[in-house]
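The values are calculated or read from the model by the stated rules, or taken from the named source; none is laboratory data. Being a predicted model, the structure only gives us computed values, none of them experimental. No Cβ is skipped: glycine too gets one built from the backbone with ideal geometry, and neighbour counts run over all protein chains shown. Keep in mind that these areas ignore ligands, DNA and RNA; they rest on the heavy atoms of the full protein, side chains included. Shrake-Rupley method; radii C 1.70, N 1.55, O 1.52, S 1.80 Å.
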Amino acid sequence: MTALAVSETSIKPRNAWGETLFRAACFSAATLLMAALAGVVISLVIGGWPAFKTFGFGFFTSSEWNPVTEVYGAAGPIVGTLITAFLSLVVALPLALGVAVFLVEFCPKPIANPIGVAVELLAGIPSIVYGMWGLFVFAPWFAQHVQLPLVMNAEPGSWMDKLFSGVPNGANIFTASMILAIMILPYMSAVFRELFMTVPAQVREAAYGLGCTPFEVIRSIIVPYVSKGVIGVIMLGLGRALGETMAVTFIIGNAHGFPHSIFDSGSTIASTIANEFTEATGEMHTAALVALGLVLFLITFAVLAVARLLLRGQKH
Amino acid sequence: MNDVSIAAPTQAEEQYMVAPARENLVIEARKLDFFYGKNQSLYGVDLPVERNKITALIGPSGCGKSTLLRALNRIYDLYPGQHAVGRIVLDGNDMLTDRKSLQRLRDRNSTGATVDEEPQASRAGSDLTQLRARVGMVFQKPTPFPMSIYDNVAFGVKLYHRKSKSEMDAIVERSLRRAALWDEVKDKLNKSGLGLSGGQQQRLCVARGIAVEPEVLLLDEPASALDPISTAKLEETLMELKRDFTIVIVTHNLQQAARISDYTGFMFLGKMIEFGPTEDLFSNPRAQRTRDYVTGRFG
């Protein structure tokens, strides 16, 4: 009985001070993050304010971007950003799903893991490397073997002509999107693979046990099982494509103004900022670029918010 | 209490088998060896399963009960490196080695009597997938699919048959009734199956398994994750189901085996030590090891 009783002296003295300090440290870490975020938003708003004030809503709708006359309309980069991100996602998503499904369901075990690791390594290649490869290898090849034949064979005025017109140098919206797709592909595949591996083996076995083919198991069981995560991965990929700078800057052609076809040169918000910030001497030019930054921030924020919203509806 | 030394069974180890009459068997394992890669985990196991009876498999952990069960519907085929040698005979057809037999089984399945009208076009790899549809399986942990209760039950049926809405409704209701779940879920058929309690989920899995009218239903410790009340309900369900199906159940719960099964097989270190009518095996075990196990001296 006495063995269980706790005597006063046996209580280990605790350092209340350390506890308080620990709490304070955690709290300030969190606060610091929020403060940094708020600081970024505030400085973007302040820095971009002159542009918003001068051009008003026209900043979003006009595609005239002219540092000489100091007229700035951001429709070109905004549309370019959305189109490249969307196109790259359309290309990368089915491929990423395919890679992940192959690795998890069909690939012989001994080589599945090395391939999985290789995919993860691919995801870590710096974007400037992709950009260089895109500019020196992919763009010329694409211009020669895809763009030129398509343009040559299009009847003037036909839908093909409209869709594919542009200088056949390979530096355009479409090639930029493809480079983006190649960049986000390993990233998305790697996360999809992790995701698919979280499906309990017994659930898969139960589906096979009912007489499902592998395709039916994937379509009806595995993908729905991780549907939350799938949306999350799509949004992550989209976020990455939206903000990607270097590779796109290399290859998109960096033309302001509205792209007229998918083979037209264009620009994205990130590429515009990267290209012009060092040369932005005028106050209004800088303000316009900062305003662009704010727009990109808001787009990315909106993507994440929509993802959250979708996920909330997904709860089982 | 646990001081009985457990040695690997030797060649000379006593094995006793009181098998049901051959013409009453629906599925049967004969001299079955099973390998996980190079590790052998079943040694010449015989398992005769009589139609419309409950056959229980008991034995200490790792003795190969689950492995044997997983061999019966060839679910192990999903994992490269696992393979079985011997025979597994379903309705007189060896489904382990003989492709022609698989073909025959499949053809019979698509013209069979139960719920068929219009079998869908032939499916890729269908020999094996159709075989699995004839030998249903329920796992230790409930495995509802991420879809509504209704769709969970309809899922397997849809794979093989085109059904009108009303026909499918009838199948779903019938299956849920037979699994003793209908009254609890009839008002929320469109809710997700993942929202049910553990016991309900398990009975949902049973309903899903029997909706495709398999000949044999395999259950791998179906009650081990359930509370006593859910377990009792599940047992009741199984007793009802044996009128229409043949059931093989792996269980760690000796009382459960004694309560519900007609035949019991006691396995130990990959061998079938004793197989016979449940009453005999529990009241009058012949092998020393069986006696030790059912009286609680080891295991």
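Some notes on this structure:
- Counts of other chain beta carbons within 10 angstrom of each beta carbon in peptide B:192-200 average 1.
- Cα centroid of the stretch A:20-59 to Cα centroid of the stretch A:278-300, whole Å: 16
- Beta bridges by DSSP in the protein assembly as shown, antiparallel share as percent, to the nearest 5: 60
- For B:L57, the residues whose amide H sits under 5 Å from its own are B:I249, B:V250, B:T251, B:G265, ignoring neighbours fewer than 5 places away on the same chain, with H placed 1.01 Å from N.
- Summed over both chains, the contact between A and B buries some 2000 Å² of accessible surface at a probe radius of 1.4 Å.
- Computed on the Cα trace of the stretch B:24-72, the radius of gyration divided by the Kirkwood hydrodynamic radius gives Rg/Rh = 0.99.
- Where the alpha-carbon atoms of the stretch B:169-259 are placed on the principal axes, they occupy 37, 27, 17 Å, in descending order.
- Binned Cα-Cα distances of the stretch A:128-265, short to long, each 5 Å bin given as a whole percent: 2, 10, 15, 14, 12, 10, 10, 10, 8, 6, 3, 0
- The order of B:K191, B:K163 by accessible area, most exposed first and with a 1.4 Å probe, is B:K191, B:K163.
- Karplus 3J(HN,Hα) series, Hz, for the stretch A:236-246 with 6.51 cos²θ - 1.76 cosθ + 1.60 (x for Gly, Pro): 4, x, 4, x, 5, 5, 5, x, 4, 10, 4
- When A:H145, B:H161, B:H252 are compared by accessible area at a 1.4 angstrom probe, the order from most to least is A:H145, B:H252, B:H161.
- With contributions of -39500 (n - 2.57) from each DSSP H run of at least four residues, the per-residue ellipticity at 222 nm computed over chain A stands at -21000 deg cm²/dmol.
- Within the stretch B:250-265, backbone nitrogen closer than 16 Å to the virtual label 7 Å beyond the Cα of B:R30 toward Cβ: none
- For the protein assembly as shown, the per residue solvent-accessible surface stands at 48 Å², with DNA, RNA and ligands left out and a 1.4 Å probe.
- Only beta bridges with both residues in the stretch B:16-294 are counted; by DSSP, about 60 percent of them are antiparallel.
- Centre-to-centre, using Cα atoms only, the stretch B:30-90 and the stretch B:250-266 are separated by 17 Å.
- Label-to-label distance for B:R286 and A:W141 is 7.3 nm, based on points extended 7 Å past Cα in the beta-carbon direction.
- 28 Å Cα-Cα threshold exceeded, pairs from B:K53/B:K188; B:K31/B:K233; B:K165/B:K233; B:K141/B:K165; A:K109/B:K191; A:K228/B:K141: B:K53/B:K188; B:K31/B:K233; B:K165/B:K233; B:K141/B:K165; A:K109/B:K191
- In this rough spin-label picture, where each label sits 7 Å from Cα along the Cβ direction, the A:R312-B:K158 distance is 2.9 nm.
- Rg/Rh for the stretch A:199-278, where both radii come from Cα atoms and Rh is the Kirkwood radius: 1.32
- In chain A, the longest principal axis of the Cα atoms and the axis of helix A:173-196 are about 10 degrees apart.
- Our coupling estimate for the stretch B:50-55, obtained by passing each phi through the Karplus curve with A = 6.51, B = -1.76, C = 1.60 and θ = phi - 60°, is 7, 5, 6, 10, 9, 10 Hz, Gly and Pro reported as x.
- Over chain A, relative contact order from alpha-carbon pairs under 8 Å, at least 6 apart, %: 28
- Inter-label distance, B:H252 to A:T61: 7.0 nm, where each label sits 7 Å from its Cα along the C-beta direction.
- Check: chain A dipole with +1 on Lys, Arg Cβ and -1 on Asp, Glu Cβ, in debye: 1080
- D (Stokes-Einstein, µm²/s), Kirkwood Cα radius, chain A, 1.306 mPa s at 10 °C: 69
- Angstrom value of the Kirkwood radius, inverse mean 1/r, which spans all Cα pairs in the stretch B:16-294: 19.2
- Accessible area of the stretch A:75-312 belonging to carbon and sulfur atoms, whole % at 1.4 Å probe: 73
- Estimated dipole of the protein assembly as shown in Debye, rounded to 20 [Cβ of Lys and Arg +1, of Asp and Glu -1, Cα centre]: 880
- With θ taken as phi - 60° and the Karplus curve 6.51 cos²θ - 1.76 cosθ + 1.60 applied, the whole-hertz 3J(HN,Hα) list for the stretch A:226-232 is 10, 3, 3, x, 4, 4, x Hz, x standing for glycine and proline.
- Reference-scaled alpha-carbon Rg (2.2 N^0.38 Å with N residues) for the protein assembly as shown: 1.30
- The C-alpha atoms of chain A define a longest principal axis, and helix A:109-123 lies at about 60 degrees to it.
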